[in-house]
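Worksheet for the structure shown next.
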Amino acid sequence: MEILFLILKIIGILLAVIIFLCFAALAVPVRYSVCMEVQEDLAGTAAFSWFCRLLCLNINYKEKSMAFRLRIFGIPVSIGRQKKRSPKAGRTKARKKKRETDPVVSQTKEPQVQEAAVWDDTKARKGSVSENLPEQGSGRRKTKAKKRRKKFFSGFEALRQWISDVKDKTVTGKEKFENIKKLISEETNKSAFLHLFQELKFLMRHYSPRRAFGELEFAVGDPGGTGQVLGMFSLFPFWSRYRINIIPDFQAENFYVRGRLQVKGHIRAWHFLRTAFRLIKDKNIKALITSVRT
């Protein structure tokens, strides 16, 4: 009986640990921090941590090279490191070098090189003799003309096939566009798209950065183009709630972008599962998926 109770205790502890980890994976957020800097080149760092930094992932990008560093319970784990060379490979390379530098081996290789040179000389002589022979002009001209005709007809066939493929693609593109219009115009599909948009807004509200601050200075090289880009920024006012300063340079004659941006936030898996459950539960979404598949 004591052994049975001990086994049940172990099973209960394992189940409790698994349930705790599942709850932690859903409730405990993954915190992220991204810092980007643009001067002459792009450089940036990104850090992701979970459960009081029990899992940490750092990503560094500088001079077109990327480095990863992972820590689990504070223990570094190698990612993408090169394997060490085995000593056997070094020994084999050393033996090959010794054989190449050995005078006895080099002497044995010399007659082989001489034989190859004699063989090439004989080939060159045969080629010179064949060139001096009288050419059959009429037969060669006929074969060349046939080859040109074949190339012309093959190119014409390829062009015709390409034109037919383009026509087929345009027809299929029109049909796809008409199908998309029909999908959007139906009332059930309208409600499904509205529900998708609402759930996307819900995720963006919870997954968007909590803090963001930095400074961006840019110039297009033309005052009018710089003003147009600044107007495009004003169309998306979401950045205005953060401490981000956008400075246009209307006097610069060349295009450039300089600045530094830092973003911090967190992501919870619970919100994603909640939206997935809502979408699966919606009948209009199911009807939209079936109509798209068919």
Name the strands (runs of 3 or more DSSP E) wholly inside the stretch 4-79 in which the number of residues that are under 23 Å from residue 268 (Cα atoms) and of a type outside the set (A, V, I, L, M, F, W, C) is 1 or more. 30-38, 42-50, 55-62, 65-72
Can you pull out the strands (runs of 3 or more DSSP E) entirely within the stretch 171-284 that have at least 2 residues that are under 27 Å from the mean Cα position of the chain (by Cα)? 211-219, 256-267
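All of the numbers you see were taken from the coordinates with simple rules; none came from a lab. Note that the coordinates shown come from a computational prediction; the quantities given were computed from them, not determined experimentally.
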